[in-house]
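Inspection log for the structure reproduced underneath, given as structure tokens.
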Amino acid sequence: MFLKYVKIVSALKLEEIILKIAILLIVAYILGSIPNGIWIGKVFFNTDIREHGSGNIGTTNTFRVLGKIPGAMVMVLDILKGTLATLLPILFNINHISPIIFGMCAVIGHTFSVFDHFHGGKAVATSAGMLLALHPFLFVCAFLFELTFTYLTSMVSLASMISFPLITILIFMNHDLQLGIIGVILSIFIIVRHIGNIKRILNGDENLMPFGILYKHMHKN
């Protein structure tokens, strides 16, 4: 009788854990889906950034269309939603599944947002937010890579496509196989999401950020 009771309790506890994990995975996806660029543009500037510039809802296009402060706000918020989603299992004491899974749900949400007809950004900032939750030092390295290559090339797109493989190498050097594999997947995914940018770079007509060495060279006269 006692063993039967223990089995019933264990089964109920397992169902409770599975339900909690499922709910938190959905929450992580919804967090990632929040289209900060769209909402900030519409609420504070009466502007839909999807109708201007590159049409992307991320930091770069927000910066280009709305300015530095809105662009910085979108970058921070997109990073934080990846961080918060990744920390969900820790905050709710879930030890049965890797936080990386929750972070990836946020990345998927950012890229295929339920609030934007399953369209979205290019996953750069939200992926960085996941890294911030898992390895703050590597996040700092990734941020410095992005900043350095953006300054050298004046192109956020190219900087992102260079930075992600480099940070993935550092992850493997840190002996984190699981996150390293995710890094490889995200590096490929981000490059695929930037196909249009790659074509413009090869054609010499990629949009430049208004700072950095290449921008100064192109506008020195």
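In this structure, is Val192 loosely packed, with under 15 Cβ neighbours inside 10 Å and of a type in the set (A, V, I, L, M)?
Against the criterion (loosely packed, with under 15 Cβ neighbours inside 10 Å and of a type in the set (A, V, I, L, M)), Val192 qualifies.
Here's a check for you: in the stretch 44-69, which residue that is out of contact with any helix residue (DSSP H, G or I) (no Cβ under 8 Å at 6 or more places or on another chain) and farther than 22 Å from Ser127 by Cα is surrounded by the fewest Cβ atoms within 10 Å (Cβ to Cβ)?
Step by step, filter the stretch 44-69, then rank; the result is Asn46.
Pick out the one residue from Val140, Val124, Val114, Val156 that is outside the structural domain of Lys216 (by TED's automatic domain parsing) and either under 21 Å from Ile198 (Cβ atoms) or without any contact (Cβ under 8 Å) to a residue 60 or more places away in the chain (or both).
Val124
Considering Ile108, Ile101, which residue is among the β-branched types (Val, Ile, Thr), within 11 Å of the chain's Cα centre (by Cα) and under 22 Å from Ile185 (Cβ atoms)?
Ile108
Residues are listed down the side, and each one gets a yes or a no for (1) modelled with pLDDT of 95 or more; (2) closer than 23 Å to Asn61 by Cβ:
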residue	(1), (2)
Leu80	yes, yes
Thr86	yes, no
Met104	yes, no
Asp116	no, yes
His119	no, yes
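Find the residue count for the stretch 85-139, including only residues that are of a type in the set (Val, Ile, Thr) and crowded, with 24+ Cβ neighbours inside 10 Å.
Applying the first criterion (of a type in the set (Val, Ile, Thr)) to the stretch 85-139 yields 86, 90, 94, 97, 100-101, 107-108, 111, 114, 124, 126.
Still in the running and crowded, with 24+ Cβ neighbours inside 10 Å: 86, 107, 124, 126.
Going through the stretch 85-139 one residue at a time, the tally reaches 4.
Would you check which residues across the stretch 27-43 are in a helix (DSSP H, G or I) and either surrounded by fewer than 21 Cβ atoms within 10 Å (Cβ to Cβ) or in contact with an Asp or Glu (Cβ under 7 Å, 6 or more places away or on another chain) (or both) and list them?
Within the stretch 27-43, Val27, Ile30, Asn36, Ile38, Trp39, Gly41, Lys42, Val43 qualify.
Would you confirm whether or not the stretch 163-173 contains a residue that is hydroxyl-bearing (Ser, Thr, Tyr), surrounded by 23 or more Cβ atoms within 10 Å (Cβ to Cβ) and either not in a helix (DSSP H, G or I) or not assigned by TED's automatic domain parsing to the domain that holds Ala22 (or both)?
Within the stretch 163-173 (the criterion being hydroxyl-bearing (Ser, Thr, Tyr), surrounded by 23 or more Cβ atoms within 10 Å (Cβ to Cβ) and either not in a helix (DSSP H, G or I) or not assigned by TED's automatic domain parsing to the domain that holds Ala22 (or both)), the answer is yes, since at least one residue qualifies.
Might you check whether a residue that is assigned to a helix (DSSP H, G or I) and under 20 Å from the mean Cα position of the chain (by Cα) occurs anywhere in the stretch 200-212?
no
The values are calculated or read from the model by the stated rules, or taken from the named source; none is laboratory data. Keep in mind it's a predicted model, so treat the numbers as computed, not measured. No Cβ is skipped: glycine too gets one built from the backbone with ideal geometry, and neighbour counts run over all protein chains shown.
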